[in-house]
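Everything on this sheet refers to the single structure shown next.
The values are calculated or read from the model by the stated rules, or taken from the named source; none is laboratory data. What you are looking at is a predicted structure, and each value in this text was computed from that prediction instead of being measured. Here the Cβ positions follow ideal geometry from the backbone for every residue, glycine too, while neighbour counts run over all protein chains shown.
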Amino acid sequence: MSEPSEPSTDSADVPAEAWSGVHRGPLREGEWVRLVDQKGRKHNFELVAGKRFFSNKGHLDHDDMIGRDEGFTLVSSAGGQYLVFRPLLNEFVVSMPRGAAVVYPKDAAQIVALADIYPGARVVEAGAGSGALTCSLLRAVGPWGSVTSYELREEFADVARRNVNQFFSAPEGQTHPAWDLRLGDLKEGLASHGAHQVDRIILDMLDPWNCVDAVAEALVPGGIVCAYVATTTQLSRVVETLRVHGGFTEPQPWESLVRDWHVEGLAVRPGHKMIGHTAFLVTARRMAPGERPPRKTRRPAPGAYGPDYTGPRPSDVPPHDASIAGVDLGEPGDA
Ligand SMILES: C[S@@+](CC[C@H](N)C(=O)[O-])C[C@H]1O[C@@H](n2cnc3c(N)ncnc32)[C@H](O)[C@@H]1O
């Protein structure tokens, strides 16, 4: 801890027209801060001149934070030490109010990278839910792209609107210029985007397989669809539906698990807790209209499409093909 330093003078704020959701320079009234206490507990609140933050360690005055450069330790009236920073996007989304379950930061990062969301992209997503993924998508497309978010439920759309506007510090009555939040069903809304006019479509909903035809119609050739599903049955159904459609490349399913490490002197080991299963991700690219991907030369694993399989069936797999049930065709683990 040190004495409050003079705010740095060379840190002008990030230009408002960048719509980054980030500020630099001294903390200002109306901004959100995130305090972390000595036990790692987090507290997020808006800075209001004259207001006090109360905790089990006494209180802190907002006025002692306003005007300082973030990144300092403040001592409360009862001697508690608090680290003070502006919340990062990944911290904001796990602490913001929720309607529906959110896409976790580890998955949002993967979606932005592997669905290749770029500045200027035209992105459609459903559902908006609590607006967590929307914040990452808007950050990635920037003010010159577009993110159209469909949401079936009005109460969730309201939560998403509040969260997104808070994160991007949208002035009263405004929102991020790239954002269009629409109440309704993605399947019906996609047609309004015109044929092959959307660059990326992200599906975080219960039944993404029911959207595959509409997605194929809306995506540009080379465009990417990315589905985020929680269970293996959903994963199977969305992969097989994309495969059977024929207008997409072979779907790529994966998940990510994140493990912290404990590093302290000679005690260097994996942490006891990890962010394990959250959801599976699937991406596939849209072929040009009328084009099909090459036929797979590798045959399905034995029994993959046997009598117990009831899902969509690729056209080159005959119904209940006895010749591939239990016979050594394909490689183990291919299913
Ligand atoms: C898990 S939540 C989405 C969470 C969101 N991606 C986030 O990060 O905050 C799923 C949402 O999809 C919405 N939904 C389901 N089917 C939909 C559809 N066909 N069109 C639009 N929204 C849909 C649900 O109402 C729900 O709010």
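Taking the conditions (1) within 19 Å of R313 (Cβ to Cβ); (2) within 16 Å of the ligand (Cβ to nearest atom); (3) touching a residue at least 40 places away in the same chain (Cβ under 8 Å); (4) surrounded by fewer than 19 Cβ atoms within 10 Å (Cβ to Cβ) in turn, T241 satisfies each one other than (4).
For (1) within 16 Å of A218 (Cβ to Cβ); (2) surrounded by 15 or more Cβ atoms within 10 Å (Cβ to Cβ); (3) within 9 Å of the ligand (Cβ to nearest atom); (4) in contact (Cβ under 8 Å) with a residue 24 or more places away in the chain, each residue gets a yes or a no:
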{"site": "G120", "(1), (2), (3), (4)": "no, no, no, yes"}
{"site": "G129", "(1), (2), (3), (4)": "no, yes, yes, yes"}
{"site": "R162", "(1), (2), (3), (4)": "no, yes, no, yes"}
{"site": "Q174", "(1), (2), (3), (4)": "no, no, no, no"}
{"site": "D199", "(1), (2), (3), (4)": "yes, yes, no, yes"}
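When residues of the stretch 12-29 are filtered for being in contact (Cβ under 8 Å) with a residue 24 or more places away in the chain and in a loop (DSSP other than H, G, I, E, B), how many remain? Final tally of qualifying residues: 10. The single residue among P105, P171, P177, P143 that is of a type outside the set (S, T, N, Q) and farther than 25 Å from D199 by Cα turns out to be P171.
One residue stands out in the stretch 215-238 among those that are crowded, with 19+ Cβ neighbours inside 10 Å, over 16 Å from R285 (Cβ atoms) and of a type in the set (A, V, I, L, M): the one that is nearest to the ligand (Cβ to nearest atom), namely V229. Regarding the stretch 109-132, can at least one residue be identified that is among the charged types (D, E, K, R), in the same structural domain as I224 (by TED's automatic domain parsing) and touching a Leu at 6+ places or on another chain (Cβ under 8 Å)? Within the stretch 109-132, one or more residues are among the charged types (D, E, K, R), in the same structural domain as I224 (by TED's automatic domain parsing) and touching a Leu at 6+ places or on another chain (Cβ under 8 Å). For the stretch 176-197, a tally of residues being away from the ligand (no atom under 12 Å from the Cβ), aliphatic (A, V, I, L, M) and more than 30 Å from G30 (Cβ to Cβ) returns 2. When V48, V84 are checked against the criterion of being surrounded by 14 or more Cβ atoms within 10 Å (Cβ to Cβ) and of a type outside the set (S, T, N, Q), V84 stands alone in meeting it. Determine which single condition M205 fails, assuming it passes every other condition in (1) in a strand (DSSP E or B); (2) within 12 Å of the ligand (Cβ to nearest atom); (3) within 17 Å of G131 (Cβ to Cβ). Of the numbered conditions (1) in a strand (DSSP E or B); (2) within 12 Å of the ligand (Cβ to nearest atom); (3) within 17 Å of G131 (Cβ to Cβ), the odd one out for M205 is (1).
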